[in-house]
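A short worksheet on the structure shown next.
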Amino acid sequence: MKKLIYFLLSLAMINSVHLRADEGMWIPLLLNNYTIADMQKNGLKLTADDIYSINKESIKDAIVIFGSGCTGELVSDQGLLLTNHHCGYEQIQNHSRIDNDYLTNGFWAMSKAEELPNPGLTVKFLVRIEDVTKQALNDIDNSMTQAERNKKIGENIQKLEEDAIKGTHYLASVRPFYYGNEYFLFVYEEFKDVRLVGAPPSSIGKFGGDTDNWMWPRHTGDFSVFRIYANKENKPADYSPVNVPYKPKKFLNVSMKGINEGDFTWVLGYPGGTEQYLTSDAIKLVSELRNPHKIKIRDKRLEIMNSYGDINDTIRIKYASKNARVSNSWKRWIGEINGLKRLDGINKKIEFEKEFTKWAENKPVYNGLLKEFSKNYNDIESYALAYDYWREAVNGIEIIDFAADFENLIEISENQFDSSLVLAEVTKLIKIASDFYKDYDIRVDKDVFKALLPMYFSGVSEDFYPSVYSIIQSEYNGDFTRYVEKLLRETVFNKPEKLDRLLSIFSSDRVGELKNDPVYVLFSSFSEVYKNKVSEKYIALSAKNDSLYNIYMNALREMQPQKKFYPDANFTMRVAYGKVKGYYPKDGVKYLHYTTLEGVIEKDNPAIYDYDIPNRLREIYKQSDYGVYAKDGTVPLCFIATNHTTGGNSGSPVLDANGSLIGLNFDRAWEGIASDMMYDPDFSRNVSLDIRYVLFIIDKYAGAKHLVDEMKVVR
Ligand code: ARG
Ligand code: ASP
């Protein structure tokens, strides 16, 4: 009897570690394999075919990969697209000047002629998905070494990708799922003429800034509007003034019906990466070692950037995008550590692993697997740290990162004399340099340099010290500040005109001027350490981990055959579903599932940059001029739900039971942020912008009602 109770208890525990209501990011192609039934049971009124089909138009045809890391959706038959403000941020910033600052003032094209092109920005539509596991693993057998195996799989994949798009203008990508236990092919159609149509001022689109980022309750109007253009045949084309608005196969209806707690919602988008099946050793490494170090380094960078941004508007604009990037992950890492602690993540995994070990005892393929993991994680520790310091501390110094761009030119110049190659590289660098200087301020970077350089040496083990260390010791008496000052006096990389002169008359015999530049010398001394002592080992040990996870994943599925396993996110299209729902962040406190314009007014404070709203919004509030967007005397703003989402899902449509657009996903709530590793039904919430606020801002604030009229609004 006791044994039975133990057994039942352990089963419950297994389930509680791995399977939770609302958890999961599902492959659209496989919805019919049980996910759709559960979605329908919870309220969905669509079939799997309505969501993903290759035989008829389906909702997937209205969804795009926006740029390189976000999602967007089509909302009109003229290629009108919605995504987040933070997804269009770089484009908005690129069009901004101090006297014409769209970040501060917003931007609205009042006609198509005023829409702004964005070289380099693309969107991709998903054409189809195919399970290619068999073909990808063709000719793989157990006698192969890991390297042989990877090589063969790589060849198989390449062939699959080539075959998939032969004779078309499509793109193809085959991606591993379940740590390489399965493979799927994705075919995309990419459009290259994507124009900026509208963006609210940052004081709306980024309201609350990094203070409120990753938090609930939230009042950020995080949206921007773009339009896809195509050639006359409705096919992708590079930017051209004669291109015309793209006619999509499908666009989303926009619903003004609003949301209630408990409503079914789902999200269709591109979650970037999760690690749901990590072992306890992995969780420990991330939350007790890697994250804390990375946080410490970014603390410093942010402190310096902010101290300048607070007193100097030019610097604030230059560093706006960088600052947001640096602070975003920094804050998430902090939240992850807290969440994993609260969940007692490490111990939960350890408990599960005890069960696993028992289960695996008489299975030779799986027995001892966890011991191997432990050993490997132990081996990887110092390399992982050196890797993080290289990325965060060394490359976090802008001028070093910039000098690194010249590596190729130096190599070409030294090793061959084909002057056309050199010329091509120089042309590329002139452009890189002009982009770099546009957003560079030497005062900020100098302070960052002085702070981060010594951090590297106190952070990593002496095995990873570069050769310059002894010079700093002997010639500068270990005084990093003096060393940095001298470097910055002598280098060419912070002297735009001088560098430009060098580049414009560059020939291979002048390579010494770059190669012996003191900043370049410092970079290459770090890079030598990274290449020779860190990266190879780190990559090898990570690959070893992956091969262990390949087996572990198999084992997990074998151990719990009745359980639905969803693959980790890998920036391929996924379906998440859940319910609109508040939560209890701490004892005695309940968070509602929605916020309203009232909260913006509560927070409004001209003295605090993140909370200083535009006067026009104050006016509208004073007059309660909300038109059809009013609800209970105010305007709905954000809402939360239990959809399992992650980075990359930003801009994803949040849909109702009929597939109409009710919100734009843009964030997650602080207490449940560890959901990339451990989803917690009590705390994990995706944060969305209510579509009614989007329409309200476009119409009432910006006076761009023609854009709302372009959409199909259902009431
Ligand atoms: N946390 C959200 C995401 O990961 C929003 C980031 C942009 N906002 C910001 N304040 N940095 O993308
Ligand atoms: N803000 C994220 C994004 O940009 C979404 C998230 O991490 O929840 O994709």
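Within region 116-167, take every residue that is free of Cβ contacts under 8 Å to residues at least 12 places away in the same chain and within 29 Å of D49 (Cβ to Cβ) and give me the one that is surrounded by the fewest Cβ atoms within 10 Å (Cβ to Cβ).
It comes out as G167.
Among the residues of region 82-97 satisfying the criterion of being more than 15 Å from ligand 2 (Cβ to nearest atom) and open to solvent by 50 Å² or more (accessible area, probe 1.4 Å), which is nearest to N253 (Cα to Cα)?
Once the filter is applied, the top-ranked residue is N94.
Mind telling me which of the residues L499, L556, L503, L488 ends up being closer than 30 Å to N367 by Cα and touching a residue at least 40 places away in the same chain (Cβ under 8 Å)?
Criteria check complete, one pass: L556.
Can you say whether D299 is acidic (D, E) and modelled with pLDDT under 95, as far as the supplied structure shows?
Judged against the criteria, D299 is not a match.
Just for region 282-331: of the residues that are within 13 Å of ligand 1 (Cβ to nearest atom) and among the basic types (K, R), which one is nearest to A386 (Cα to Cα)?
R298
Which residues, counting only those in region 168-196, are free of Cβ contacts under 8 Å to residues at least 60 places away in the same chain, of a type outside the set (F, W, Y) and in a loop (DSSP other than H, G, I, E, B)?
Selection gives T168 alone.
Only one of these conditions is not met by T71: (1) under 19 Å from P567 (Cβ atoms); (2) part of a loop (DSSP other than H, G, I, E, B). Which number is it?
Only one criterion in (1) under 19 Å from P567 (Cβ atoms); (2) part of a loop (DSSP other than H, G, I, E, B) is unmet by T71, namely (2).
Using beta carbons and a limit of 9 Å, which pairs, at least six apart or on different chains, have the first residue in region 205-217 and under 20 Å from Y102 (Cβ atoms) and the second one more than 14 Å from ligand 2 (Cβ to nearest atom) and basic (K, R)?
What qualifies is F207/K603; G208/K603.
One line per residue, one yes/no per condition, for (1) open to solvent by 10 Å² or more (accessible area, probe 1.4 Å); (2) in a loop (DSSP other than H, G, I, E, B):
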{"site": "G198", "(1), (2)": "no, no"}
{"site": "S203", "(1), (2)": "yes, no"}
{"site": "F207", "(1), (2)": "no, yes"}
{"site": "W214", "(1), (2)": "yes, yes"}
{"site": "T220", "(1), (2)": "no, yes"}
{"site": "E233", "(1), (2)": "yes, yes"}
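Looking only at region 628-662, count every residue that is farther than 14 Å from G578 by Cα, within 16 Å of ligand 2 (Cβ to nearest atom) and part of a strand (DSSP E or B) and tell me the total.
1
For E57, indicate whether it is at pLDDT 95 or above and either open to solvent by less than 70 Å² (accessible area, probe 1.4 Å) or basic (K, R) (or both). It would help to see each step written out before you state the result.
Working: at pLDDT 95 or above: yes; either open to solvent by less than 70 Å² (accessible area, probe 1.4 Å) or basic (K, R) (or both): no.
No, not satisfied.
Yes or no, residue by residue, for (1) among the hydrophobic types (A, V, I, L, M, F, W, C); (2) under 37 Å from the mean Cα position of the chain (by Cα); (3) not in a helix (DSSP H, G or I):
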{"residue": "D463", "(1), (2), (3)": "no, yes, no"}
{"residue": "T481", "(1), (2), (3)": "no, yes, no"}
{"residue": "V484", "(1), (2), (3)": "yes, yes, no"}
{"residue": "F506", "(1), (2), (3)": "yes, no, yes"}
{"residue": "D509", "(1), (2), (3)": "no, no, no"}
{"residue": "Y520", "(1), (2), (3)": "no, yes, no"}
{"residue": "K533", "(1), (2), (3)": "no, yes, no"}
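For region 458-482, give me each residue that is within 15 Å of L522 (Cα to Cα) and touching a residue at least 24 places away in the same chain (Cβ under 8 Å).
F464, Y465, P466, S467, V468, F480, T481, listed by residue number.
Only one residue in I620, I613 is hydrophobic (A, V, I, L, M, F, W, C), outside any helix (DSSP H, G or I) and open to solvent by less than 50 Å² (accessible area, probe 1.4 Å), so which one is that?
Going through I620, I613 in turn, the sole match is I613.
Residues checked against (1) open to solvent by less than 10 Å² (accessible area, probe 1.4 Å); (2) closer than 27 Å to N570 by Cβ; (3) within 16 Å of ligand 1 (Cβ to nearest atom):
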{"position": "L664", "(1), (2), (3)": "yes, yes, yes"}
{"position": "I673", "(1), (2), (3)": "yes, yes, yes"}
{"position": "D676", "(1), (2), (3)": "no, yes, yes"}
{"position": "S684", "(1), (2), (3)": "yes, yes, yes"}
{"position": "V687", "(1), (2), (3)": "yes, yes, yes"}
{"position": "D690", "(1), (2), (3)": "yes, no, no"}
{"position": "D699", "(1), (2), (3)": "no, no, no"}
{"position": "H706", "(1), (2), (3)": "no, no, no"}
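Filter region 117-148 for residues that are among the acidic types (D, E) and more than 30 Å from the chain's Cα centre (by Cα) and give the result.
D139, D141, E148
Check region 561-580 and report whether any residue there is over 30 Å from N338 (Cα atoms), of a type outside the set (A, V, I, L, M, F, W, C) and out of contact with any Cys (no Cβ under 8 Å at 6 or more places or on another chain). Lay out the reasoning, then the answer.
Just the residues of region 561-580 that are over 30 Å from N338 (Cα atoms), to begin with: 561-562.
With of a type outside the set (A, V, I, L, M, F, W, C) added as a condition, the list becomes 561-562.
In the following step, the residues that additionally are out of contact with any Cys (no Cβ under 8 Å at 6 or more places or on another chain) were identified as 561-562.
Checked region 561-580: at least one residue is over 30 Å from N338 (Cα atoms), of a type outside the set (A, V, I, L, M, F, W, C) and out of contact with any Cys (no Cβ under 8 Å at 6 or more places or on another chain).
In region 270-311, which residues are open to solvent by 40 Å² or more (accessible area, probe 1.4 Å) and not in a helix (DSSP H, G or I)?
Across region 270-311, the qualifying residues are E275, D310, I311.
Mind checking which residues of region 60-77 are over 21 Å from D667 (Cβ atoms) and hydroxyl-bearing (S, T, Y)?
S76
Give me the pairs, please: first residue somewhere in region 322-344 and touching a residue at least 24 places away in the same chain (Cβ under 8 Å), second residue anywhere and among the hydroxyl-bearing types (S, T, Y) and within 14 Å of ligand 2 (Cβ to nearest atom), beta-carbon distance under 7 Å, and either six or more positions apart or on two chains.
Final answer for the pair search is A324/Y89.
Return only the number of the condition from (1) surrounded by fewer than 18 Cβ atoms within 10 Å (Cβ to Cβ); (2) over 26 Å from the mean Cα position of the chain (by Cα); (3) in a helix (DSSP H, G or I); (4) in contact (Cβ under 8 Å) with a residue 12 or more places away in the chain that V426 does not satisfy.
Tallying (1) surrounded by fewer than 18 Cβ atoms within 10 Å (Cβ to Cβ); (2) over 26 Å from the mean Cα position of the chain (by Cα); (3) in a helix (DSSP H, G or I); (4) in contact (Cβ under 8 Å) with a residue 12 or more places away in the chain, V426 fails exactly one: (1).
The values are calculated or read from the model by the stated rules, or taken from the named source; none is laboratory data. Since the model is a prediction, treat every value here as computed from it, not as a measurement. Here the Cβ is made from the backbone with ideal geometry for all residues, glycine too, and neighbour counts use every protein chain on show. Areas reflect the complete protein model, heavy atoms only, side chains present, ligands, DNA and RNA absent. Shrake-Rupley method; radii C 1.70, N 1.55, O 1.52, S 1.80 Å.
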